[in-house]
Amino acid sequence: MSKYPYEIDNDKLWIGDARTAANPSCLEAIKITHILNLGEVACFWRTKEALVEAGYPNYDPPTYMRTYFSDESSTKNIRHLLQPCLDFIRSALQEDDGRVLIHCVHGKTRSVAIALAWFASKGRVDVDAELKKIQTIVGPEAQPRGNFLACVKEFAAGLFPTSTIPVISSSSRPPPSLLWMEAEPVCILQI
């Protein structure tokens, strides 16, 4: 990863590494308001005093959430950590000026896994396609570990189960109930 983060979603969501999170000039330049720290590193800028001491008196400290899960565990299930991370991102992006930096130590495994879960929660459930999009921005090194990727795919599949979507073969004509939907007249009452 470079020392600057990568924008992955409409100037609102960024992926970075620990160096990026520790660089207040970078955070200030892209107006980061929230940091999701997935690394085993500290949250650097929790207080205004720390920023003033670092020479950034006009930059307000970002809101932090820290959740750590080890890259090294081959059997690690991160499923239970996804929703709190997604709730944090959702809350941040509901603010008019909300911008989120998702970072881990190197910015290529845990941060990418959480970004993929975010996209899935927004209806972009083809995890492999979303990963390719991220890799075109960040590079091929953006690759969640296999167990993290499997957890995200499982999460995505649970959001929009395919069994609830009618599958229509192109070789057969769908039944009329799938072609037309008749509606009852709507009555609007005025009081």
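Quick one: is Pro140 modelled with pLDDT under 95, surrounded by fewer than 18 Cβ atoms within 10 Å (Cβ to Cβ) and not in a helix (DSSP H, G or I)? Criteria met by Pro140. Here the condition is being at pLDDT 90 or above and outside any strand (DSSP E or B); of Leu101, Leu82, Leu51, it holds for Leu82 alone. The residues of the stretch 35-54 that are touching a strand residue (DSSP E or B) at 6+ places or on another chain (Cβ under 9 Å) and under 24 Å from Gly139 (Cα atoms), listed by number, are Ile35, Leu36, Asn37, Leu38, Gly39, Val41. When Lys48, Lys31, Lys12 are checked against the criterion of being under 23 Å from Ala113 (Cβ atoms) and of a type in the set (Lys, Arg), a single residue qualifies: Lys12. Would you please name the residue that is surrounded by the most Cβ atoms within 10 Å (Cβ to Cβ), looking only at residues in the stretch 143-157 that are modelled with pLDDT under 90 and part of a helix (DSSP H, G or I)? Top of the filtered list is Asn147.
Within the stretch 168-177, not a single residue is at pLDDT 90 or above and of a type in the set (S, T, N, Q). Among the residues of the stretch 1-22, those that are surrounded by 19 or more Cβ atoms within 10 Å (Cβ to Cβ) and not charged (D, E, K, R) comprise Met1, Pro5, Tyr6, Ile8, Leu13, Trp14, Ile15, Gly16, Ala18, Thr20, Ala21. Restricting attention to the stretch 45-58, the residues being crowded, with 17+ Cβ neighbours inside 10 Å and either closer than 17 Å to Phe88 by Cβ or touching a Phe, Trp or Tyr at 6+ places or on another chain (Cβ under 8 Å) (or both) number 2.
Counting only residues that are more than 10 Å from Ile15 (Cα to Cα), touching a residue at least 24 places away in the same chain (Cβ under 8 Å) and not basic (Lys, Arg), the stretch 92-105 holds 6 of them.
If I filter the stretch 1-34 down to residues being assigned to a loop (DSSP other than H, G, I, E, B) and touching a strand residue (DSSP E or B) at 6+ places or on another chain (Cβ under 8 Å), which single residue comes out as farthest from Gln94 (Cα to Cα)? Filtering first and then ranking leaves Met1. Condition check for Leu93 on (1) crowded, with 16+ Cβ neighbours inside 10 Å; (2) at pLDDT below 80; (3) of a type outside the set (Phe, Trp, Tyr); (4) more than 21 Å from Glu154 (Cβ to Cβ): one failure, at (2).
The values are calculated or read from the model by the stated rules, or taken from the named source; none is laboratory data. What you see is a predicted model, and the numbers here were worked out from it, not measured in a lab. Here the Cβ is made from the backbone with ideal geometry for all residues, glycine too, and neighbour counts use every protein chain on show.
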